[in-house]
Amino acid sequence: MNALPYRNPARLARLQADLARRILIIDGAMGTMVQRHELTEADFRGQRFAQGFDSQTSGSGDGREHDLKGNNDLLTLTRPDVISGIHAAYLDAGADLVETNTFNSTSISQADYGLQHLARELNREGAKLARACCDAAEAMDPHKPRYVIGVIGPTSRTASISPNVNDPGFRNVDFDTLVAAYREAADGLIEGGADVLMVETVFDTLNAKAALFAIDDAFAAAGTRLPVMVSGTITDKSGRTLSGQTADAFWYSVRHARPLAIGLNCALGAKDLRAYLDMLAAVADAHVSCHPNAGLPNAFGGYDETPADMARVLREFAQAGLLNLVGGCCGTTPEHIRAIAEAVADVPPRALPTLDAQERAA
C-alpha cells in the first residue's frame, strides 16, 4: 500500500518540513473540556434524538432505553458548537494539530448506545468539523499551517485478552470484526478531510494491527493514502501495555506500517512516561510523539498536574532529544497546551536516527 500516492503531497511536504524545524504541538483532552460545559441528556440528544430514536434514519437508533449523556462523540452531530469551540480554544492556545472528536466513533463502541449505524457519519462529520476549525485558524495566520488528526480509538474490546477470568480462551471480539469497524471509521475520516490518521491509546497491539490493516484497505479503496501515526498506552508502572508489551516491543510490532510517528499517550502522567519514552525514542526510525495525562487521577477522578508542572517536565523531555510532537491527554486543557507550547518553543526536535541497511530491512 505504500506505493499509493499521498492525497495531498504538498501538504504532507509542509508537515514534514515543520517536523524537521520544530517540535509540533498536539491539542489536549476533549472529554475534560466537554465536562466544563455541564451538558444535560437533552444536549446530547439534540433535536435528532429527542424522541428516543434517530429521526434521520427511519426510526433506527438507540430507543428510549439508552441514556446518551456521556457519548461525547455524538456531540459532533447534536452540539457541534461545543466541539468547534473546544477545537478553536486549542488552536488559540498554540496547537498545530487538532484531534477529531472520534475516539469512540466505531460501530463497536457506539453499540453501547445503540448507535452503531452512525459510525461512518460520526467520523466524517468529526473530521469536517475539525477541518473547518483548522482552516479558519490557518486563514488568520497562513504562515502557521494547522493539521487535522483523524483519531481512531481502541474500541471497548480487546482481541488478545479474555474478559472472563474463568475462561482465558474466550474473546468478545475477533480480528475480522475489528477490521470491519476500523475500516468504517477510516473511510469516514478520509471523506471528512483528515490530514493524518492516528491509531491511539493502543492497549492491545492486536487491535492496533487490525486498525492498520483496515486503514490500508481504506487507502486502497480510495486510491490514495494519508500519513499514519500510532500511539500506545502504558497502563501502569510495569512499563507494559495491557496486552503485555514493552514500549520497544510495541514499536517493532507496528513498524511494518511505516508510521509518520510513534508515541505514547494516556494512562500515566508525563513524569511516569519518561523511561518508556526514552526506550521508544532510542529504537524508532520515525518521529516520536507524547501526549500524557495531567498526572494520575485523584480520589475524585480529577487530574492535579498543573500547566506549569506538565510544561516543566515536557521541556525536560524535549531537551533530552525525545520529542517531535507533544500535547496532552486526560485532564489537560488549553491552559496546559499553551504552557507546553511555550516551554518547548526554543528546543529543537528530536533528530531521527540513521539506521544501517540491515536495520532498515528488518
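The values are calculated or read from the model by the stated rules, or taken from the named source; none is laboratory data. Here the structure is a predicted model, which is why all the values come from computation and not from measurement. Every residue, glycine among them, receives a Cβ derived from its backbone with ideal geometry; neighbour counts consider all protein chains shown.
Each residue in the stretch 20-54 was checked for being assigned to a helix (DSSP H, G or I) and of a type in the set (Val, Ile, Thr), and 2 pass.
Are there helices (runs of 4 or more DSSP H) fully within the stretch 256-362 with at least 1 residues that are of a type in the set (A, V, I, L, M) and modelled with pLDDT under 95? List them. Outline the logic, then answer.
Numbers: elements: 270-283, 307-319, 334-344, 357-361.
Answer list for the stretch 256-362: 270-283, 357-361.
Collect the residues in the stretch 220-245 that are farther than 17 Å from Leu268 by Cβ and either modelled with pLDDT under 95 or not small (Gly, Ala, Ser) (or both), keeping them in residue-number order. Thr224, Arg225, Leu226, Pro227, Val228, Met229, Val230 - these are the residues of the stretch 220-245 that are farther than 17 Å from Leu268 by Cβ and either modelled with pLDDT under 95 or not small (Gly, Ala, Ser) (or both). No other residue among Leu97, Leu74 is within 26 Å of Leu260 (Cβ to Cβ) and either among the aliphatic types (A, V, I, L, M) or under 20 Å from the mean Cα position of the chain (by Cα) (or both) apart from Leu97. Being assigned to a strand (DSSP E or B), of a type outside the set (A, V, I, L, M) and out of contact with any helix residue (DSSP H, G or I) (no Cβ under 9 Å at 6 or more places or on another chain), is that true of even one residue in the stretch 198-206? Yes, the stretch 198-206 contains at least one residue that is assigned to a strand (DSSP E or B), of a type outside the set (A, V, I, L, M) and out of contact with any helix residue (DSSP H, G or I) (no Cβ under 9 Å at 6 or more places or on another chain). Could you tell me whether the stretch 12-19 includes any residue that is in contact (Cβ under 8 Å) with a residue 12 or more places away in the chain, of a type outside the set (S, T, N, Q), surrounded by 15 or more Cβ atoms within 10 Å (Cβ to Cβ) and part of a loop (DSSP other than H, G, I, E, B)? No, that holds for no residue. When you look at Asn123, is it surrounded by 19 or more Cβ atoms within 10 Å (Cβ to Cβ), touching a helix residue (DSSP H, G or I) at 6+ places or on another chain (Cβ under 6 Å) and part of a loop (DSSP other than H, G, I, E, B), yes or no? Against the criterion (surrounded by 19 or more Cβ atoms within 10 Å (Cβ to Cβ), touching a helix residue (DSSP H, G or I) at 6+ places or on another chain (Cβ under 6 Å) and part of a loop (DSSP other than H, G, I, E, B)), Asn123 does not qualify. For beta carbons closer than 7 Å, sequence separation of 6+ or different chains, a first residue in the stretch 77-89 that is within 18 Å of Gly28 (Cα to Cα) and a second that is in a loop (DSSP other than H, G, I, E, B) and aliphatic (A, V, I, L, M), the qualifying pairs are Ile86/Met30.
Filter the stretch 68-111 down to residues that are among the hydroxyl-bearing types (Ser, Thr, Tyr) and within 25 Å of Val344 (Cβ to Cβ), then give me how many there are.
Of the residues in the stretch 68-111, the ones among the hydroxyl-bearing types (Ser, Thr, Tyr) are 76, 78, 84, 90, 100, 102, 105-107, 109.
Okay, now just the ones that are also within 25 Å of Val344 (Cβ to Cβ), so 90, 100.
Total meeting the criteria: 2.
In the stretch 206-234, the residues that are charged (D, E, K, R) reach residues that are surrounded by fewer than 24 Cβ atoms within 10 Å (Cβ to Cβ) and part of a loop (DSSP other than H, G, I, E, B) with C-beta atoms within less than 6 angstrom, at least six apart or across chains, in these pairs: Asp216/Met1; Arg225/Leu4.
Can you name the helices (runs of 4 or more DSSP H) wholly within the stretch 62-120 that have at least 2 residues being modelled with pLDDT of 95 or more and in contact with a Cys (Cβ under 8 Å, 6 or more places away or on another chain)?
Working: elements: 75-78, 80-92, 107-110.
Of the helices (runs of 4 or more DSSP H) lying wholly inside the stretch 62-120, those with at least 2 residues that are modelled with pLDDT of 95 or more and in contact with a Cys (Cβ under 8 Å, 6 or more places away or on another chain) span 80-92.
Of all residues in the stretch 77-107, those that are aliphatic (A, V, I, L, M) and surrounded by fewer than 23 Cβ atoms within 10 Å (Cβ to Cβ) total 5.
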